[in-house]
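Trainee: Have a look at this one before I ask anything.
The values are calculated or read from the model by the stated rules, or taken from the named source; none is laboratory data. In this text, all values refer to a predicted model and were calculated from it rather than measured experimentally. Ideal geometry is used to build each Cβ from the backbone, glycine not excepted, and the neighbour counts take in all protein chains shown. These accessible areas exclude ligands, DNA and RNA; they are computed on the full protein's heavy atoms, side chains included. Shrake-Rupley method; radii C 1.70, N 1.55, O 1.52, S 1.80 Å.
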Amino acid sequence: MTTETTMPTRRNFIGGAGKTLSLAGLAMISGGCSYAAAPNSASATSQDVEILNAAIALEHEGIAAYQIAATSGLLQPAVVDIGVTFQGHHKGHRDALIKAVEQLGGTPVEEQSQDHYIDALDIASLKNQEDVLRLALKLERGAANAYLGLIPSLGNDFHQVAAQMAGDEAFHAAILGNALGEPIPKTPLMFG
Amino acid sequence: MKTTTGIAFALIAIVTTIGGLLLANSHPSMQNALHVPGNAEKTDPSIKSSALSVTLAATSDQAAIGEKLYQMKCGACHSLDKNRIGPRHRNIVGKQAGTVTGFKYSNALKRLKAQWTDENLDAWLENPGKFAPGTSMGFRVKKANERKAIIAYLKSVSK
């Protein structure tokens, strides 16, 4: 699968990633997002709260997955560093979503126990670093698609932030796919 | 003349800096860490494809396409056997909506009186909030042929 000739470039890309990513994550979080109280009907607002809460649940799961992976002993230290950076982005997403739900007058969903995530993600079946990266890729790719697919159901106020989150997840998926030696997709519109 | 030389020097300086950064960043431990060599036993394509052809023979092409779409589009929130962001999906076709045990549904889905038939699933996937106003699933599948394949897959994993 892996063609050796493309490796140096890949390594350089990935090698640089750890450093620049945390900056992007910081900008995302400290830039903050503020939502004006939407002039929507009560039902549209509660619909947004429900959907945003499902997104919070998704971020909780992602944060837990990176946590479990980082402490699994299956990953090399440099991979742990990258995972922790990605986890930081997911925490930023979670915080922005929690803020949005609160501003809409809703109650953000709480995270579940670590045991729940270990079971739900079938963590016991992961035997090595590659297994962990494949799970991370599946979740990140799915999350990019999930955000894009729920945009039309959300109120206008949240379209941009959902797209921003999809962008972050797609970025993570690209790095992970690259690390796993997956070929670059040939056709455009690869998410959504 | 002078400015041109100045610019040229500046350019060389920039290029050297970038080159240096790239070198610094491609630290060997990082390279090795992220290069995941294909584990010969686990990723041997012949093993995978033979396993896949068995599944393909057992189910329709539609369901096989649907399975891929399901992984890509539903996999962030659902799986067949575990409640995650959304409820588990094995045996969902034919089931009463909102009745998977152990999953915390929205009021909208708890109250919904519907059975997951082909038609209802199609309407749901096209626009969940229209089918069950107030639901927490916002994800839509715009293309009818994709919905069809996904439903065929869900059927193939229901008794």
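Trainee: Can you send over the solvent-accessible area of A:Y117, 1.4 Å probe, protein chains only, in Å² to the nearest 10?
Mentor: Looks like 10 Å² after rounding.
Trainee: Whole Å is fine, so just give me how far the alpha carbon centre of the stretch B:116-159 lies from that of the stretch B:72-87.
Mentor: Each part's Cα centre sits 14 Å from the other's.
Trainee: Now a separate question. Among A:K127, A:K99, what's the order by accessible area (1.4 angstrom probe), most exposed first?
Mentor: Output order, biggest surface exposure first: A:K127, A:K99.
Trainee: Place a +1 charge on the Cβ of each Lys and Arg in the stretch A:40-179 and a -1 charge on the Cβ of each Asp and Glu, then give the dipole magnitude about the Cα centre in debye, rounded to the nearest 20.
Mentor: 300 debye
Trainee: Taking H placed 1.01 Å from N in the peptide plane, check which residues at least 5 places from B:Q115 or on another chain put their amide H under 5 Å from its amide H.
Mentor: Amide H to amide H, under 5 Å and 5 or more residues apart or across chains, B:Q115 pairs with B:A97.
Trainee: Given a 1.4 Å probe, show me the residues in the stretch A:125-143 buried by at least 40 Å² of accessible surface when comparing the whole protein assembly to the chain alone.
Mentor: A:E130, A:K138
Trainee: Kindly tabulate the residues in the stretch B:127-159 with an accessible-area decrease of at least 30 Å² between the chain alone and the assembly of all protein chains, using a probe of 1.4 Å.
Mentor: B:G134, B:S136, B:G138, B:F139, B:R140
Trainee: Could you state the accessible area per residue of the stretch A:102-192 in Å², with a 1.4 Å probe and every protein chain left in place?
Mentor: 50 Å²
Trainee: List the residues of the stretch B:85-102 for which accessible area in the full set of protein chains is at least 20 Å² lower than for the chain on its own; 1.4 Å probe, protein heavy atoms only.
Mentor: SASA drop of 20 Å² or more in the stretch B:85-102: B:I85.
Trainee: Could you compute how much accessible surface B:K68 exposes when probed at 1.4 Å, giving the result in Å² to the nearest 10?
Mentor: 140 Å²
Trainee: Rounded to the nearest 10 Å², what accessible area does A:T85 show when all protein chains are kept and the probe is 1.4 Å?
Mentor: 30 Å²
Trainee: Considering Cα pairs under 8 angstrom that are at least six residues apart, work out the relative contact order of the stretch A:43-192 and quote it in whole percent.
Mentor: This gives 27 percent for the stretch A:43-192.
Trainee: Once neighbouring chains are kept in place and the probe is 1.4 Å, which whole percent of the accessible area of the stretch A:40-179 is contributed by carbon and sulfur?
Mentor: 53 percent
Trainee: At a probe of 1.4 Å, how much accessible area disappears from chains B and A on forming the pair, both sides counted, to the nearest 100 Å²?
Mentor: So the total buried area for this chain pair works out to about 3400 Å².
Trainee: List, in the order given, every pair from A:K91/A:K186; B:K68/B:K143; B:K68/B:K110; A:K127/A:K186; A:K138/A:K186; B:K110/B:K148 whose Cα-Cα distance in the structure shown is over 22 Å.
Mentor: Exceeds cut-off: A:K91/A:K186; B:K68/B:K110; A:K127/A:K186; B:K110/B:K148.
Trainee: Distance between Cα centroids, the stretch A:170-192 to the stretch A:45-105: provide it in whole Å.
Mentor: The distance from the Cα centre of the stretch A:170-192 to that of the stretch A:45-105 comes to 20 Å.
Trainee: Take A:V80, B:V100 and sort them by solvent-accessible surface of the protein heavy atoms, 1.4 Å probe, largest at the top.
Mentor: Ranked list, largest accessible area first: A:V80, B:V100.
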